[in-house]
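The values are calculated or read from the model by the stated rules, or taken from the named source; none is laboratory data. Bear in mind that the values here come from a model prediction, so they are computed numbers and not experimental data. Cβ atoms come from the backbone with ideal geometry, glycine included; neighbour counts cover every protein chain shown. Heavy atoms of the whole protein, side chains included, go into the accessibility calculation; ligands, DNA and RNA do not. Shrake-Rupley method; radii C 1.70, N 1.55, O 1.52, S 1.80 Å.
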Amino acid sequence: DAISGKQFLDTQQIHCDTRKSIFPKLYEVKKMNGNFYCEGVDKAPQRSLFHALGMTKEEMERPLVGIVSSYNEIVPGHMNIDKIVEAVKLGVAMAGGTPVVFPAIAVCDGIAMGHKGMKYSLVTRDLIADSTECMALAHHFDALVMIPNCDKNVPGLLMAAARVNVPTVFVSGGPMLAGHVKGKKTSLSSMFEAVGSYAAGKFTLEDVEEFENNACPTCGSCSGMYTANSMNCLTEVLGMGLRGNGTIPAVYSERIKLAKQTGMAVMDMYRKNIRPRDIMTADAFENALTADMALGCSTNSMLHLPAIANECGIKIDLDMVNQISARTPNICHLAPAGHAYMEDLNEAGGIYAVLNELTKKNLLHTDVMTVTGKTMAENIKGCINKNTDIIRPIDQPYSETGGIAVLKGNLAPDRCVVKRSAVAKEMLVHKGPAKVFNSEEEAIAAITGGKIVKGDVVVIRYEGPAGGPGMREMLSPTSAIAGMGLDKDVALITDGRFSGATRGAAIGHVSPEAVNGGTIAYVQDGDIISIDIPNHSIQLEVSDEELAERKKTTKILVKENLTGYLKRYSKMVSSADQGAIINRMD
């Protein structure tokens, strides 16, 4: 028989009273947040759709936790995320929540490298942030667990976490184990360099095939301190991931345990009402920049940290980078800067051990909140450095200054970026003639064709955020240069960007970019370029008068045949020095 509205509401009250007795703390927090799909006749239509999902009343009465899964079958760093998802769901359910999975996209930079596909890498960061924001707010989730791993996936979800600002914890898919070739550990960057060695006649096809079959032996994000691992490690530093999130290898069972603990941790955050913007403060971002310098992270972090901070209403100016670098020793040399890998950093004590080293010189704000509900100081207490060959003691660093440097001069008035820790000492100061190319493809053809010689400065332009569009990574040309044995003799400058796997005097993010009339658009073959990384200087040795004349006669190249998302992106994106972002908050 049909029941009256009053009887219906009485029935709902019984269920809610039962819930209050079972989960009193969760009930009070849920009442405070005001998300009541389980209560009231006005929410009956929504409940009918939850019933269509097969949800029980008990599940509806618990906090709804969105599990953002970036699982797919094309990215090696994401093929194991289905297992992480199931472990997170179990952790959430054990702690009294109702887990619900929805997807996020991800591009594999390694697979996209060296062709048009790389234009679609950086641009996905904003797609990931936008789509996750839409899903999370449209369905009124009470909390979120983000499960990223590779490259733009991590910063995109951190941006979304800041926007949505409900209790959120991150757990990644984890790093790949290092490969083994000819008795030595190796990784994807070695694979790319093997191609350059073959072009130079140093490797046979059999040598290349041996690298091909053994450089990437397991699932996970590529095994060096490349962009994916840089951002996963910095997620720990920001306070948004549990200990080990950045370093526990993907194939270790410890990663599954971490996922379960993450599911439980997000429910604890929900009870305490701790939110991302309570954690990602100005002090937390300064900590992230400091750890970045100590670890020698990818230069891509200089795009991603400003973009994430922007979503938190915080501005990161690149001038901060050199200030922080000046006081922060570089204490880790992971691939491509050295011969250590993520598994080695994990065994040495991981990110918390690095942070503990940094506290010995009072370089961190340790009173910041984290997803554990404790401060950084409480989290890292007792986390010792177990291998001083992997994590150098703070008073015995690789260098007294950090792993990244920001350069400025007439060639880059709004600055450019270089991974100083991966530059050979011989190339920290360099002067040479420019060899100019208007695309990555043109540069690769010249490099592999033997047209680049010792002393040259390779300039690749029209590859910036708007001009590319999409700011392609230049791992193929830099690896070809390194594989040919020219990394100690040749510099490369671009308004594009570099993979975290790049080593050598590779200077990217030149701003303003060529398409916006930056000086890089007016460089000509044979112009002398002076690079002084220790003094943060980059100069085109051409007079102001000559540059003014060139600006009158040089036509800026604009791609007219853009369609779809790239067309919209090119019109909306900011310059690289501002993080190549779409939605500026200032």
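With respect to the conditions (1) at pLDDT below 95; (2) assigned to a loop (DSSP other than H, G, I, E, B), residue 421 falls short on a single one, namely (2). If you go through the stretch 268-286 and keep only what is surrounded by fewer than 24 Cβ atoms within 10 Å (Cβ to Cβ) and not hydrophobic (A, V, I, L, M, F, W, C), you end up with 268, 271, 272, 273, 275, 277, 278, 281, 283, 286. Within the bounds of the stretch 485-506, is there any residue that is assigned to a helix (DSSP H, G or I) and surrounded by fewer than 24 Cβ atoms within 10 Å (Cβ to Cβ)? There is no residue in the stretch 485-506 that is assigned to a helix (DSSP H, G or I) and surrounded by fewer than 24 Cβ atoms within 10 Å (Cβ to Cβ). Residues that are in a helix (DSSP H, G or I) and either more than 21 Å from residue 540 (Cα to Cα) or within 20 Å of the chain's Cα centre (by Cα) (or both) occur in the stretch 467-476; there is at least one. Scan the stretch 520-562 residue by residue and report those that are among the small types (Gly, Ala, Ser) and open to solvent by less than 40 Å² (accessible area, probe 1.4 Å). Within the stretch 520-562, 521, 530, 537 meet the criteria. Taken together, the residues in the stretch 52-63 that are surrounded by 23 or more Cβ atoms within 10 Å (Cβ to Cβ) and either of a type in the set (S, T, N, Q) or in contact with a Ser or Thr (Cβ under 6 Å, 6 or more places away or on another chain) (or both) amount to 1.
Among the residues of the stretch 318-344, those identified as within 18 Å of the chain's Cα centre (by Cα) and closer than 27 Å to residue 276 by Cα are 318, 321, 342. For the structure I just gave you, tell me whether residue 475 is open to solvent by less than 10 Å² (accessible area, probe 1.4 Å) and without any contact (Cβ under 8 Å) to a residue 60 or more places away in the chain. The answer is no for residue 475.
Conditions tested, residue by residue: (1) in contact (Cβ under 8 Å) with a residue 12 or more places away in the chain; (2) open to solvent by 60 Å² or more (accessible area, probe 1.4 Å); (3) assigned to a helix (DSSP H, G or I); (4) out of contact with any helix residue (DSSP H, G or I) (no Cβ under 6 Å at 6 or more places or on another chain).
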| residue | (1), (2), (3), (4) |
| --- | --- |
| 189 | yes, no, yes, yes |
| 210 | yes, yes, yes, yes |
| 218 | yes, no, no, yes |
| 234 | yes, no, yes, no |
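The residue that is farthest from the chain's Cα centre (by Cα), counting only those in the stretch 106-150 that are small (Gly, Ala, Ser), over 20 Å from residue 307 (Cβ atoms) and open to solvent by 10 Å² or more (accessible area, probe 1.4 Å), is 138.
As a summary of the residue check, residue 196 satisfies the conditions (1) farther than 20 Å from residue 479 by Cα; (2) open to solvent by less than 10 Å² (accessible area, probe 1.4 Å); (3) over 25 Å from the mean Cα position of the chain (by Cα) except for the one numbered (1).
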